[in-house]
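Participant: Have a look at this one before I ask anything.
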Amino acid sequence: MAAAVGMGQQWVLVEMVQAFYEAPAYHLILEGILILWIIRLLFSKTYKLQERSDLTPKEKEELIEEWQPEPLVPPVSKDHPALNYSVVSGPPSHKIIVNGKECINFASFNFLGLLDNERVKNAAQASLRKYGVGTCGPRGFYGTFDVHLELEDRLAKFMRTEESIIYSYGFATIASAIPAYSKRGDIVFVDEAACFAIQKGLQASRSNIKLFKHNDMADLEQLLKEQEIEDQKNPRKACVTRRFILVEGLYMNTGDICPLPELIKLKYKYKVRIFLEESLSFGVLGEHGRGVTEHFGINVDDIDLISANMENSLASIGGFCCGRSFVIDHQRLSGQGYCFSASLPPLLAAAAIEALNIMEENPDIFQILREKCKRIHKALQRISGLIVVGDLFSPALHLQLEETSGSRENDMKLLKRIVDYCMNRSIALTQARYLEKEEKCLPPPSIRVVVTVEQTEEELDKAASIIREAAQSVLN
Amino acid sequence: MVADPKRPEGAGRMERPEQGLGEPDSHPRANGCSLTGCGALRNGYVRGLPETEIHHIAHNGGLYKRPFNEAFEETPMLVAVLTYVGYGVLTLFGYLRDFLRQWKIEKCNHASEREEQKDFVPLYQDFENFYTRNLYMRIRDSWNRPICSVPGAKVDMMERLSHDYNWTFTYTGRVIKDVINMGSYNYLGFAQNTGICKEAAAKVLTQYGAGVCSTRQEMGNLDKHEELEKLVARFLGVEAAMTYGMGFSTNSMNIPALVGKGCLILSDELNHASLVLGARLSGATIRIFKHNNMQSLEKLLRDAIVHGQPRTRRPWKKILILVEGIYSMEGSIVRLPEVIALKKKYKSYLYLDEAHSIGALGLTGRGVVEYFGLNPEDVDVMMGTFTKSFGAAGGYIGGKKELIDYLRTHSHSAVYATSLSPPVMEQILTSMKCIMGEDGTTFGKECVQQLAENTRYFRRRLKEMGFIIYGNEDSPVVPLMLYMPAKIGAFGREMLKRNIGVVVVGFPATPIIESRARFCVSAAHTKEILDIVLKELDEVADLLQLKYSRHRLVPLLDRPFDETTYEETED
């Protein structure tokens, strides 16, 4: 058998040599030239198109001389609405001194009033005495403190998930978590009202982004269906394309609660993972403050990842993600804001732990907050010229102009006058600030009204009536 | 903190031969480095070989007011080969064990997908975690070691054990006391739980509480922020400054405010992840120059201006150069005088990230600008963090008033992120005043000097011992080359056994064959501490055969350049 094969090969070789002899000379020369040409192509230097320009060094110098760059930053006009910040003297707690005037704070996200809580402060003090302020390192390199481990453990237990991971900055939490999972080519279905941190996370992930109308499940389902059809055309691509739905529990930009039960149905129907950003709803919604999952009575394991910051209800700094270990653990090597940033100062972690203690010990606090939200929500209805935007249970509401004056700039000015009017009457409010050119879907201008448990019923009523007065005097 | 009287003052710097500086190179090389045979024995130490060094002095050495000695010794060929073999063996075993796991012969320890979601598209591609599962997991105990004290010169560490080969850890409850800390970025020793900084922070904590609960533009602009920003501007010698809650985000949330589509970013190949992310988020085109290589930078600048934007051929709107003061993995110092000369020549802007160099370099701790005796006005954007030298958290940007005004209105951080925590700010205020001598003592100044002395002493001794040490002689970041993957874990463990905490780094933080240990020298380290570390290092090095150095230094510019580190984004 082997010999036969050998024979066969030999025969082919002989035939080739024969063919070579028989070929005409011009044919051989042509082939020789072609071979040489191929060799030349193989060994010639590859060049970029750019380098083919035939500029002389002198011309290049002239071009360099000629080039005038734009200034590093364009000038900012002195009366830019965001240039001159209000200055808060002293702590930004319930009673706040803004620009020298003492007011009641309706602007800080200190929902549970834990910012100036003595217990929280004492816990932070104890931590300061033990650890000092900074951590001087990222988590990997001696920046992991026992307090961090304790806080992660406590947060996981509180949220009833397997694991949690803390970041040293609220904004960086979701912005780092998204690109840890969703990569180029993956698809993210995201609510168009999603906050800026989500938008930046998506941009960093370079995934395909599909925006659906705010809280519109029909629109989302439509997009999911379109994707399903797309997937059937190219099943090989579909089976490696990860899909995510990204929603907020309580929307920062609209104050609405997301329809989580419908989202869960869609999740299993279309096999899409859900990431939930709960910065506003954590420590607010639900009987025990566990957020929007508890609010709707949904098994927390049905959500793939929950992210929240500790800068609102917990009145500390930083953020966390929680969920199953299978999901969360991945961030310990892939979460950029986790790996490459110094860890959270221990005193801030200790403050967050104590705040969690308080939340666990006093679950009625959430009921009180809800009552207050409802109260102001009701009191702010039917103000001529202003509409209340936001859910009944939302502690961060928006007051928008009923009718726009035509330009955003003028609207902002009107709202500013309302804010100033209230400020002069000891109610500290603020306009919601956005980067107008950066936002994907810029929300209309609004005044933020933040409810905290520290505000008494009288103060809530007073705030509502002053806002009513202000609207009357400014808008009519 | 007391300076050692026995140690020669300014060892290293004064005796440094200065051939090649300022004079035309006698042996010009393609990359502009001069090859200077230096006959004088610097350290009085010879390892049987005549010591020849290639000094790294750029051809426009005239710009430098001080010697600039930065060396990267070539990886010995045998070591490189053995390192690759090591990775080869690890990879083979990785495949074998993955095979065993697949057939359930080996127990599978990692967490798995929920049963209900098994039919979803997998969250991770299998190869994504190959490295983690089979290489990192073996030596995972060298990272994330939890500590339970101030991250000062010595730390207390929580003892932990693993019964399943590092998949999970259990804490024994015991504390390993007084581990010498060579890992924390506590350059000036301000990580303290006693003293003026702590007292001041405690006072502010009682008054203000821990958080802020709002953004700078809404209701989170405290009087403390304004006070801090004035001080930072004064410290840096710039017109104005702005501070942010996180160092990482200072880069990633402000670069997009400065440049955008139609702009060009020229970024050092070894820039920190935060700069890379910021550059990416900005939407500008990114081009990478070789690490600290001015020829590479100049070529990119020339080409960019001459050729304009790709496809559209429009001229670039502006060009921003991104560099760091001290590179945290290489220990190198940016060639700032040359960068500034180039940026002026080509009318581009300079963004200098001083995360590691602020406080740690310069006679009074003002960073790399002071180190080279330059004018802070020549740097357009002075960025830095408070995490390291100041023992706090957060970051800043300093520069012209127009720049800061623009950032106050357009920085992502100012609009969407919670501002700095008051007690953290107080730590910065107090430590910064201390460095400036405004607390009425010379303590801060002594710290800066002590750090410089410790750095030179530690680096000199390590070089004498025959280690391959990367970076600049004045950089408190000291990378010691380990090369082989097996030595990463072994080194970390052996040092911990000897009560010394070190940082070890391997791929992907470094090129694959250049695994290393990194020491961060601190002013809080006493001579005794450093001597203990050196003694133990000597022992461990003999055990693990780490003294690779043959004193053949290779110019930085000749080192391999990994093209895949970044890709150009045109979107």
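Participant: Which number in (1) facing another protein chain (nearest Cβ under 7 Å); (2) assigned to a helix (DSSP H, G or I) marks the one condition that A:THR135 misses?
Facilitator: All conditions pass for A:THR135, except number (2).
Participant: Which of the residues spanning segment A:219-231 are hydrophobic (A, V, I, L, M, F, W, C) and farther than 18 Å from A:TYR251 by Cβ? It would help to see each step written out before you state the result.
Facilitator: If we filter segment A:219-231 for residues that are hydrophobic (A, V, I, L, M, F, W, C), which is where we start, we get A:220, A:223-224, A:229.
Hits for segment A:219-231 are A:LEU223, A:LEU224, A:ILE229.
Participant: Can you find even one residue in segment B:267-274 that is assigned to a helix (DSSP H, G or I) and either assigned by the TED database to the domain that holds B:VAL323 or acidic (Asp, Glu) (or both)?
Facilitator: Initially, segment B:267-274 is screened for residues assigned to a helix (DSSP H, G or I), giving B:273-274.
Retained after the next criterion (residues that are either assigned by the TED database to the domain that holds B:VAL323 or acidic (Asp, Glu) (or both)): B:273-274.
Checked against the condition, which is being assigned to a helix (DSSP H, G or I) and either assigned by the TED database to the domain that holds B:VAL323 or acidic (Asp, Glu) (or both), segment B:267-274 yields at least one hit.
Participant: Considering each residue of segment B:382-425, count those that are within 7 Å of another protein chain (Cβ to nearest Cβ) and of a type in the set (Val, Ile, Thr), and give that number.
Facilitator: Qualifying residue count for the region: 5.
Participant: Kindly establish whether A:GLU102 is of a type in the set (Asp, Glu), in contact (Cβ under 8 Å) with a residue 12 or more places away in the chain, surrounded by fewer than 21 Cβ atoms within 10 Å (Cβ to Cβ) and more than 9 Å from chain B (Cβ to nearest Cβ). Break it down stepwise before answering.
Facilitator: Working: of a type in the set (Asp, Glu): yes; in contact (Cβ under 8 Å) with a residue 12 or more places away in the chain: yes; surrounded by fewer than 21 Cβ atoms within 10 Å (Cβ to Cβ): yes; more than 9 Å from chain B (Cβ to nearest Cβ): yes.
Spelling it out, A:GLU102 is indeed of a type in the set (Asp, Glu), in contact (Cβ under 8 Å) with a residue 12 or more places away in the chain, surrounded by fewer than 21 Cβ atoms within 10 Å (Cβ to Cβ) and more than 9 Å from chain B (Cβ to nearest Cβ).
Let's see how each residue does on (1) over 30 Å from A:ILE358 (Cα atoms); (2) in a helix (DSSP H, G or I); (3) within 10 Å of chain B (Cβ to nearest Cβ):
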{"site": "A:ARG40", "(1), (2), (3)": "yes, yes, no"}
{"site": "A:GLU61", "(1), (2), (3)": "yes, yes, yes"}
{"site": "A:ALA82", "(1), (2), (3)": "yes, no, yes"}
{"site": "A:PRO91", "(1), (2), (3)": "no, no, yes"}
{"site": "A:ALA107", "(1), (2), (3)": "no, no, yes"}
{"site": "A:ARG119", "(1), (2), (3)": "no, yes, no"}
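Participant: Filter segment A:190-212 for residues that are of a type outside the set (A, V, I, L, M) and touching an Asp or Glu at 6+ places or on another chain (Cβ under 6 Å); which is farthest from A:THR254 (Cα to Cα)? Working first, answer last.
Facilitator: Quick first cut of segment A:190-212, residues of a type outside the set (A, V, I, L, M) only: A:191-192, A:195-196, A:199-201, A:203, A:205-208, A:210, A:212.
Filter once more, keeping what is touching an Asp or Glu at 6+ places or on another chain (Cβ under 6 Å): A:207, A:212.
Working: A:SER207: 25, A:PHE212: 15 Å.
The extreme case among them is A:SER207.
Participant: Same structure again: Would a scan of segment B:183-198 turn up a residue that is loosely packed, with under 13 Cβ neighbours inside 10 Å and more than 8 Å from chain A (Cβ to nearest Cβ)?
Facilitator: Filtering segment B:183-198 down to residues loosely packed, with under 13 Cβ neighbours inside 10 Å leaves B:194.
Okay, now just the ones that are also more than 8 Å from chain A (Cβ to nearest Cβ), so B:194.
Within segment B:183-198 (the criterion being loosely packed, with under 13 Cβ neighbours inside 10 Å and more than 8 Å from chain A (Cβ to nearest Cβ)), the answer is yes, since at least one residue qualifies.
Participant: Next question, about the same structure. Quick test for you: out of B:LEU322, B:LEU300, pick the one residue that is outside any loop (DSSP other than H, G, I, E, B), more than 25 Å from A:LYS437 (Cα to Cα) and either within 13 Å of chain A (Cβ to nearest Cβ) or at pLDDT 95 or above (or both).
Facilitator: Answer to the check: B:LEU300.
Participant: Closer than 15 Å to A:VAL272 by Cβ, more than 19 Å from the chain's Cα centre (by Cα), surrounded by fewer than 18 Cβ atoms within 10 Å (Cβ to Cβ) and modelled with pLDDT of 95 or more - does that describe any residue in segment A:205-212?
Facilitator: Checking segment A:205-212: not a single residue is closer than 15 Å to A:VAL272 by Cβ, more than 19 Å from the chain's Cα centre (by Cα), surrounded by fewer than 18 Cβ atoms within 10 Å (Cβ to Cβ) and modelled with pLDDT of 95 or more.
Participant: Now a separate question. On the phi < 0 side of the Ramachandran plot and out of contact with any strand residue (DSSP E or B) (no Cβ under 9 Å at 6 or more places or on another chain): which single residue out of B:LYS445, B:LYS463 fits that description?
Facilitator: B:LYS445
Participant: Looking only at segment A:130-160, which residues are surrounded by fewer than 24 Cβ atoms within 10 Å (Cβ to Cβ) and among the hydroxyl-bearing types (Ser, Thr, Tyr)?
Facilitator: A:THR144
Participant: On the basis of being out of contact with any helix residue (DSSP H, G or I) (no Cβ under 8 Å at 6 or more places or on another chain), of a type in the set (A, V, I, L, M, F, W, C) and farther than 30 Å from B:GLN427 by Cα, does A:ILE298 make the cut?
Facilitator: Details: out of contact with any helix residue (DSSP H, G or I) (no Cβ under 8 Å at 6 or more places or on another chain): no; of a type in the set (A, V, I, L, M, F, W, C): yes; farther than 30 Å from B:GLN427 by Cα: yes.
Criteria not met by A:ILE298.
Participant: I'd like to know if segment A:339-357 contains one or more residues that are away from every other protein chain (no Cβ under 13 Å) and either outside any helix (DSSP H, G or I) or at pLDDT 95 or above (or both). Even if it seems obvious, please write down each step before you answer.
Facilitator: The first filter runs over segment A:339-357 and keeps only residues away from every other protein chain (no Cβ under 13 Å), leaving A:356-357.
Remaining after also requiring either outside any helix (DSSP H, G or I) or at pLDDT 95 or above (or both): A:356-357.
There is at least one residue in segment A:339-357 that is away from every other protein chain (no Cβ under 13 Å) and either outside any helix (DSSP H, G or I) or at pLDDT 95 or above (or both).
Participant: Just to confirm my filter: which helices (runs of 4 or more DSSP H) fall fully inside segment B:419-536 and include at least 3 residues that are touching a Cys at 6+ places or on another chain (Cβ under 7 Å) and of a type in the set (S, T, N, Q)? Reasoning before the result, please.
Facilitator: On the way: elements: B:422-436, B:443-465, B:485-497.
It comes to B:422-436.
Participant: Looking at A:GLU287, A:GLU311, A:GLU354, can you tell me which residue is among the charged types (D, E, K, R) and under 30 Å from A:PRO445 (Cβ atoms)?
Facilitator: Details: A:GLU287 fails: under 30 Å from A:PRO445 (Cβ atoms); A:GLU354 fails: under 30 Å from A:PRO445 (Cβ atoms).
On inspection, the qualifying residue turns out to be A:GLU311.
Participant: Of these, B:ARG160, B:ARG133, B:ARG140, which one is at pLDDT below 95, farther than 30 Å from A:VAL240 by Cα and more than 7 Å from chain A (Cβ to nearest Cβ)? Even if it seems obvious, please write down each step before you answer.
Facilitator: Working: B:ARG133 fails: farther than 30 Å from A:VAL240 by Cα; B:ARG140 fails: farther than 30 Å from A:VAL240 by Cα.
Result: B:ARG160 is the single residue among B:ARG160, B:ARG133, B:ARG140 that is at pLDDT below 95, farther than 30 Å from A:VAL240 by Cα and more than 7 Å from chain A (Cβ to nearest Cβ).
Participant: Of all residues in segment A:216-245, which are part of a loop (DSSP other than H, G, I, E, B) and in contact with a Phe, Trp or Tyr (Cβ under 8 Å, 6 or more places away or on another chain)? It would help to see each step written out before you state the result.
Facilitator: Within segment A:216-245, the first condition is being part of a loop (DSSP other than H, G, I, E, B), and the residues that meet it are A:216, A:234, A:239-242.
Within segment A:216-245, A:ARG242 is the sole residue that qualifies.
Participant: Got a sec? Which of B:GLY247, B:GLY283 is within 11 Å of chain A (Cβ to nearest Cβ), modelled with pLDDT under 95 and under 24 Å from the mean Cα position of the chain (by Cα)? Walk me through how you get there before you give the answer.
Facilitator: On the way: B:GLY283 fails: under 24 Å from the mean Cα position of the chain (by Cα).
The conditions single out B:GLY247.
Participant: Sticking with this structure for a sec: Mind checking whether some residue in segment B:209-216 is aliphatic (A, V, I, L, M) and either more than 9 Å from chain A (Cβ to nearest Cβ) or surrounded by fewer than 24 Cβ atoms within 10 Å (Cβ to Cβ) (or both)? Walk me through how you get there before you give the answer.
Facilitator: Filtering segment B:209-216 for residues aliphatic (A, V, I, L, M) gives B:210, B:212.
Filter once more, so that each one left must be either more than 9 Å from chain A (Cβ to nearest Cβ) or surrounded by fewer than 24 Cβ atoms within 10 Å (Cβ to Cβ) (or both): none.
Taking every residue of segment B:209-216 in turn, none turns out to be aliphatic (A, V, I, L, M) and either more than 9 Å from chain A (Cβ to nearest Cβ) or surrounded by fewer than 24 Cβ atoms within 10 Å (Cβ to Cβ) (or both).
The values are calculated or read from the model by the stated rules, or taken from the named source; none is laboratory data. Since this is a predicted model, take the numbers as computed values, not measurements. Glycine also receives a Cβ, built like all others from the backbone with ideal geometry; neighbour counts cover every protein chain displayed.
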